[in-house]
Amino acid sequence: MMRQKNARVLIPILSILSALLLCTLIIMMTGKDPAMIFGKMARGTLGSSYGAGQVLFRMTTLILVGLAVALPFRVRLFNIGAEGQLQMGAFSAAMAGAVLPATLSSFFAIPICILAGMLAGALWALLAGVLKVRFGVNEVISTIMLNFIAQGVTGYLLTYHFALPSTVHTAPVIAAATIPSFGLLTGWFANSPANLTSLLALTAALLFQTLLFQSRFGFEMRATGLQPEAARYGGINAGMHTLTAMALGGAAAGLGATNIVLGYKHYYEAGMTGGVGFAGIAVALLAGAHPLWLMLSALFFGLLEYGGLTVNAYIPKDIFMMIEAITILLVITFSAYGKRHQLS
């Protein structure tokens, strides 16, 4: 048991270090000094108030879409649909905020928009859950297809019904539905998009941690994932836990829309999610689908995403996208090797 716990900690660390070493070699092949590149990255991200805010903003969304993948994974469900769930949540939150009465107070406006986004994400994920439980449709296939459908639905509604004239975005949400930035309230992370949604993301991670590891419901959920037949024999409703895990995961992805729509853009526009839902898969895998470790994983990917932009004038930012992919491949490889070694 102790060796398994050590492996769960060492594998992500070893994967990150190996990927960074490979990245160092690639940077050297481009003729640049790796120490200079990483130094500029450090100063441009955590070394400045604005850069730290940019990292926190990206980290917040990554935590939430990572949770959308991590919770179903505990029931042995691979939710590839966080991107579509985030899109549906973002569109719903934006439309809810746009149609609310301008005189409504923030006390009501913000929760209404948050719930609209979470509900849309949960219902979109629940479709895949129903297909799995009722018809045996593989969730990987259904969630991938639902991503394309979500893109089509939001694109059609935006283009033909809700886009403002001569724009590619909806009407802005009412002022009372916007979430204040840290810079506005405290002066921290000045002029960056970091906002109070970060506190919601941390709360969501803690709630998921409590649900999974400190409640009977979470124990049944994990038992369903580890030994589904034994769980059924013990009276656990596996179908119910499948639906619940997918719905809660979709709700987390929908909550990610709060960060982008209510805390930053204040409207919905085409392509605003930028594929961050797919990055959530990598975040969850690196964290071993553990809600608390997932926060560190999201920080790592947030640093790579914005850090790549800070040194884009020296090397292509795609190099840091390679680090993300290589890290996940190494995690999978080391985990498979560890399991095979235990069996032998």
Separation of alpha-carbon centers, region 222-267 and region 161-201, rounded to whole Å: 27 Å
Extension reserve of the Y156-S215 stretch, reckoned as 0.36 nm per residue once the Cα distance is removed: 17.0 nm
Under 13 Å, Cβ to Cβ, from L77 - net charge with Lys/Arg +1 and Asp/Glu -1: +3
Interchain or long-range residues, amide H under 5 Å from H169's placed H: L164
Estimated vicinal HN-Hα couplings, Hz - region 166-182 in sequence order (Karplus 6.51, -1.76, 1.60; Gly, Pro = x): 6, 9, 10, 9, 6, 5, x, 5, 5, 4, 5, 8, 7, 9, x, 7, 5
Region 34-141, relative contact order [Cα under 8 Å, separation at least 6], %: 22 percent
Model label zone, L292; criterion: amide N under 19 Å from point 7 Å along Cα-to-beta-carbon; scope region 56-84: 63-64, 66-68, 70-71, 74
From phi via Karplus (6.51, -1.76, 1.60), per-residue ³J(HN,Hα) for region 41-46 in Hz, x at Gly/Pro: 4, 4, 5, x, 10, 6
Pairwise label distance in nanometres, A270 with R76, each label 7 Å out on the Cα-Cβ vector: 4.2 nm
Over region 63-280, relative contact order from alpha-carbon pairs under 8 Å, at least 6 apart, %: 43 percent
Helical contribution to [θ] at 222 nm, DSSP H n ≥ 4, -39,500 (n - 2.57), averaged over the chain, rounded to 500: -24000 deg cm²/dmol
Highest-fluctuation residue, M221, M321, M95 considered, GNM on the chain with Cα pairs under 10 Å: M321
Chain lengthening between A102 and K317 when straightened (0.36 nm per residue, less Cα-Cα): 73.2 nm
Relative contact order (%) - criterion: Cα under 8 Å, at least six apart; region: region 130-234: 9 percent
3J(HN,Hα) from dihedral phi, region 10-26, Karplus parametrisation 6.51/-1.76/1.60, rounded to Hz, x for glycine, proline: 6, 4, x, 5, 5, 5, 5, 4, 5, 5, 5, 5, 5, 4, 4, 5, 5
Signed unit charges on C-beta, dipole axis of the chain, positive-most listed residue A177, I236, T167: I236
Shape call, region 186-286: gyration tensor on alpha carbons, a/c limit 1.5: prolate
Top of L119, L56, L100 by mean-square fluctuation, Gaussian network on the chain, Cα under 10 Å: L100
Placed amide H near I174: partners under 5 Å, 5+ positions off or other chain: A98, L100
Proximal charge balance of A163 [Cβ under 15 Å; K/R count +1, D/E count -1]: 0
Rg to Rh, two decimals, where region 63-280 supplies the alpha carbon set and Rh follows Kirkwood: 1.01
Sequence-distant residues sharing a close amide H with N195 (under 5 Å, placed H): F182
GNM top mover of T333, T178, T242 - the chain, alpha-carbon springs below 10 Å: T333
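Each value in this text was obtained by applying a stated rule to the coordinates, not by laboratory testing. It should be emphasised that the depicted structure is a prediction, and the values quoted were computed from it without experimental measurement. So basically every Cβ, Gly included, is an ideal-geometry build from the backbone, and we count neighbours across all protein chains shown.
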